[in-house]
Amino acid sequence: MDPLQTLVSWIMDSGNIVFFGGAGTSTESGIPDFRSAAGLYQTQHNSPYPPEVMLSRSFFMSSPDIFFDFYRSKMIHPEAKPNGAHQLLAQLERDGKLKAVITQNIDGLHQLAGSRRVLELHGSIHRNHCMDCSRYYGLDQVLASEAGVPRCPECGGIIKPDVVLYEEELDHDVLVESVAAIAAADLLIIGGTSLTVQPAASLITYFRGRHTVLLNGDPTPYDHQADLIITDRIGAVMGKIQELL
């Protein structure tokens, strides 16, 4: 059977779908993965810092001006719109089939498309807080300070994005909820992720359902565990599936 038809039949037969996604889910919306973004920044600014350094907690604390210059110019894409992948997942949730989206992305496109239960392993650009007084701010407050470090208008403290940086731990409650969702699913769709970032990638090992589907352009360490592998662009594939359902 054609791979798309196979996936459509599995979706139709499933009542508890979970989607686990990474950066590739949003590339068709014009959002590059953070390594590509960092590479572009390094070229444009002759920067010596690799992405793992610029996106680390210690670098944020020691060089917040450089961090925010990179973060604001290359990591935030407020103009981005959901693509076919985001739209299909939101539709499947409305239909009662999809129970959770677990994402490594921080862009908020799943919510923009209409998904309600989105477990954000690495946080979100849309949530920010003052490190001194703990007041919370939206993305507008970070964008408003076009240059320099965004400061709390109430106390002057640095406003930190609620994204998980290197050297920081993932949110325990989000991890627990993600494990429970994957363990209860009967169909696990994995899309746009190389499955190399830990501990996020190891979450899929909790799946005990019927079928695992991998939608990714490149091979992953978990390919041998997949029941179906599709290597086309995930947004285009999901768009076609939505037409077939």
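With loop membership from DSSP and a limit of 12 other Cβ atoms within 10 Å, the longest segment of the chain without GluC sites (Glu not before Pro) is 1-78. In the full protein context, the chain carries 46 Å² of accessible surface per residue, based on a 1.4 Å probe and ignoring ligands, DNA and RNA. Please work out, to two decimal places, the log10 of the ratio I(q)/I(0) at q = 0.10, 0.14, 0.15, 0.16 Å⁻¹ from a Debye calculation in which every Cα of the chain carries one identical scatterer. Summing over Cα pairs of the chain leads to -0.49, -0.92, -1.04, -1.15.
The length gained on full extension between residue 167 and residue 65, counted as 0.36 nm times the residue separation minus their Cα-Cα distance, comes to 34.8 nm. For region 81-191, a crude dipole built from +1 on the beta carbon of Lys and Arg and -1 on the beta carbon of Asp and Glu, taken about the Cα centre, is about 440 debye to the nearest 20.
Against the chain, whose longest principal axis comes from its Cα atoms, helix 234-244 is set at around 40 degrees.
Here region 107-245 carries DSSP beta bridges of which approximately 50% are antiparallel, counting only pairs with both residues inside.
The calculated FRET efficiency for residue 45 paired with residue 1, based on their beta-carbon distance and R0 = 45 Å, is about 0.35. Note the angle between two axes, namely the Cα long axis of helix 34-45 and the longest principal axis of the Cα atoms of the chain, as a number of degrees from 0 to 90, rounded to the nearest 10. That works out to roughly 40 degrees.
Here region 127-163 and region 27-50 have alpha carbon centers that stand 23 Å from each other. 3J(HN,Hα) along region 119-136, derived from phi through the Karplus expression 6.51 cos²θ - 1.76 cosθ + 1.60 where θ = phi - 60°, amounts to 9, 9, 5, 10, x, 8, 5, 7, 10, 9, 9, 6, 6, 9, 9, 6, 5, 9 Hz, with x in place of Gly and Pro.
Annotation note: trypsin sites (Lys or Arg not before Pro) in region 195-245 located in DSSP loop regions with a Cβ neighbour count of at most 12 within 10 Å are 208. Only the Cβ atoms of Lys and Arg (+1) and of Asp and Glu (-1) were treated as charged; on that basis the dipole of the chain about its Cα centre amounts to roughly 260 debye. Here the chain has 50 percent of its accessible surface on carbon and sulfur atoms, given a 1.4 Å probe and all protein chains in place. The packing ranking, built from the mean of other Cβ atoms within 10 Å per residue, places the peptides 83-91, 217-225 in the order 83-91, 217-225, highest first. Taking amide H as placed 1.01 Å from N in the peptide plane, residue 123 has its amide H under 5 Å from the amide H of 164, each at least 5 places away in sequence or on another chain.
For residue 21, the amide hydrogen comes within under 5 Å of the amide hydrogens of 102, 103, 104, 191, counting only partners 5 or more places away or on other chains and with H modelled in the peptide plane.
The values are calculated or read from the model by the stated rules, or taken from the named source; none is laboratory data. Everything quoted here is computed from the prediction, not taken from an experiment. When we count neighbours, we look across all protein chains shown, and the Cβ atoms used for this are built from the backbone with ideal geometry, even at glycine. What goes into the accessible areas is simple: the full protein's heavy atoms, side chains included, and nothing from ligands, DNA or RNA. Shrake-Rupley method; radii C 1.70, N 1.55, O 1.52, S 1.80 Å.
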